[in-house]
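Worksheet: the structure to be examined is printed underneath.
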Amino acid sequence: MNYSSAKPKKLFLNCIISAMKSIVPKGIFLTSLFLIISGTAFSNDCYTINGESLEDNTNTRPFVCFPHDEHNENAGLDDNCARCHHVYTDGQLMPDESSEDSSCSECHMSQEKPNDLDLIVRYHKLCRSCHLEEKKGPITCGECHKKP
Amino acid sequence: MYSHYEFVTGPFAWMAFLIFIFGSIYRFYSLYKLARKKDGAVFEYMDLKFALRSIGHWLTPFGSRSMKLNPSMTVVTFLFHISLFLVPIFVFGHVVLWKENFDISWFTLPNIVADIMTLIVICSCAFFLWRRIKLPEVRYLTTVGDYVILLIVAAPFITGFWAYHQFPGFAAITIIHIISGEIMLIAIPFTKLFHMFTFPFTRGYIGSEFGGIRMAKDW
């Protein structure tokens with residue numbers, strides 16, 4: 001999964017980061033980015049799933065704030081990263097492999113004509129199918145896409 | 001909550017769509033048979049040119065004398081019908097469901113546009129309700145069913161607005177929103193909501209009779 005650390009209320013940071021990327025030399029940019037991330041990472045445990053590849057356009061719902069560690073603790077997923085960070089090879093699930101080092105979009109937006117919706121749908125299906133199976137966790141739109 | 005969600009997005013959704021599609025086909029077939037049996041002249045008088053001329057006038061705001069006489073009704077009804085049609089099909093939250101379930105997608109409306117259009121539908125329904133109660137000539141023609149239909153149409157938009165803005169209890173309201181949309185789909189073939197499909201034929205026939213036989217305008 002591909003996330004950046006920022007509170008939904010601090011989403012404007014993403015805009016600032018994009019703007020900085022275009023005007024600030026790479027080294028300075030990465031240093032300041034690290035400082036911002038480490039600053040916010042200690043203050044909250046909420047990862048905004050924007051995948052960097054998703055556009056924050058005026059038609060979509062607010063980005064999802066995903067409390068990664070809290071979620072895994074509640075769901076008892078501590079050692080089972082591959083439950084979400086799965087690996088498929090030739091359409092077959094590789095049970096002993098996990099993919100937390102790569103971003104979701106690397107596989108799920110790699111088609112010839114990538115579309116934001118392809119990736120959005122993957123998130124929806126992954127989260128909701130498990131929540132329905134376990135009868136725990138959010139299932140309706142607004143329970144994840146909380147208004148800032 | 002979970003089992004309700006699974007039911008309204010699963011079996012009940014399929015049932016609603018099937019009743020909507022096959023109910024509409026059945027209604028078309030039975031109306032056609034009824035017209036053949038009781039009023040064969042309808043098919044003799046139908047004329048494409050006069051039909052399209054009449055439909056064109058009635059689809060144009062203030063294109064008929066009746067619309068000029070009732071300007072407030074004209075403005076409300078045009079905004080209402082456009083919003084009623086566009087929002088459910090083009091709001092992002094619905095398109096993403098088509099993508100999830102059938103892997104098809106299309107153009108989506110900006111949130112603010114969908115939000116305003118939803119308010120237009122809700123306010124229009126309030127206007128129609130006021131009109132039914134207050135205007136004697138409308139009240140005279142109103143049955144209980146007309147109020148029920150107004151509720152059926154308004155409910156998906158009220159609950160959709162509630163769910164989108166995340167007012168208290170929005171998770172349960174989202175499920176009621178889904179049910180209310182499904183009830184509307186089921187109601188379309190069997191109520192006067194069916195005019196969404198029959199209006200070109202009723203309007204077209206009146207236009208044909210007035211244009212080709214009576215040699216008069218029907219707008």
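The values are calculated or read from the model by the stated rules, or taken from the named source; none is laboratory data. From a predicted model like this one, the values you see are computed outputs, not experimental measurements. FYI the Cβ positions are ideal-geometry reconstructions off the backbone, even for glycines, and counts take in every protein chain you see. These accessible areas exclude ligands, DNA and RNA; they are computed on the full protein's heavy atoms, side chains included. Shrake-Rupley method; radii C 1.70, N 1.55, O 1.52, S 1.80 Å.
Per the listing A:PRO114, A:PRO62, the residue uniquely within 14 Å of chain B (Cβ to nearest Cβ), open to solvent by less than 50 Å² (accessible area, probe 1.4 Å), assigned to a loop (DSSP other than H, G, I, E, B) and touching a helix residue (DSSP H, G or I) at 6+ places or on another chain (Cβ under 9 Å) is A:PRO62.
Contact map, the stretch B:35-51: first residue in contact (Cβ under 8 Å) with a residue 12 or more places away in the chain and within 18 Å of B:ARG214 (Cα to Cα), second residue of a type outside the set (A, V, I, L, M, F, W, C) and in a loop (DSSP other than H, G, I, E, B), Cβ cut-off under 9 Å, separation 6 or more or different chains; pairs are B:PHE50/B:ASP218.
Looking across the stretch B:159-194, the residues that are outside any helix (DSSP H, G or I) and over 22 Å from the mean Cα position of the chain (by Cα) come down to B:GLN166, B:PHE167, B:PRO168, B:GLY169.
Every residue, every condition in (1) more than 8 Å from every other protein chain (Cβ to nearest Cβ); (2) more than 19 Å from B:ILE175 (Cα to Cα); (3) over 21 Å from the mean Cα position of the chain (by Cα), yes or no:
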position	(1), (2), (3)
B:PHE92	no, no, no
B:PHE102	yes, yes, yes
B:ILE112	no, yes, yes
B:ARG132	yes, yes, no
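Whether a residue is within 18 Å of B:VAL95 (Cα to Cα) and within 14 Å of another protein chain (Cβ to nearest Cβ) was assessed, and A:LEU132 does not pass this test. Scoring B:ILE55 on the criteria (1) among the hydrophobic types (A, V, I, L, M, F, W, C); (2) open to solvent by 90 Å² or more (accessible area, probe 1.4 Å); (3) more than 17 Å from B:GLY160 (Cβ to Cβ) leaves a single failure, condition (2). For the stretch B:162-219, the set of residues classified as out of contact with any Ser or Thr (no Cβ under 9 Å at 6 or more places or on another chain), closer than 30 Å to A:ILE139 by Cα and open to solvent by 60 Å² or more (accessible area, probe 1.4 Å) consists of B:PHE167, B:PRO168, B:ILE183, listed by residue number. Scanning the stretch A:135-148 for residues that are open to solvent by 80 Å² or more (accessible area, probe 1.4 Å), more than 9 Å from every other protein chain (Cβ to nearest Cβ) and at pLDDT 90 or above turns up nothing.
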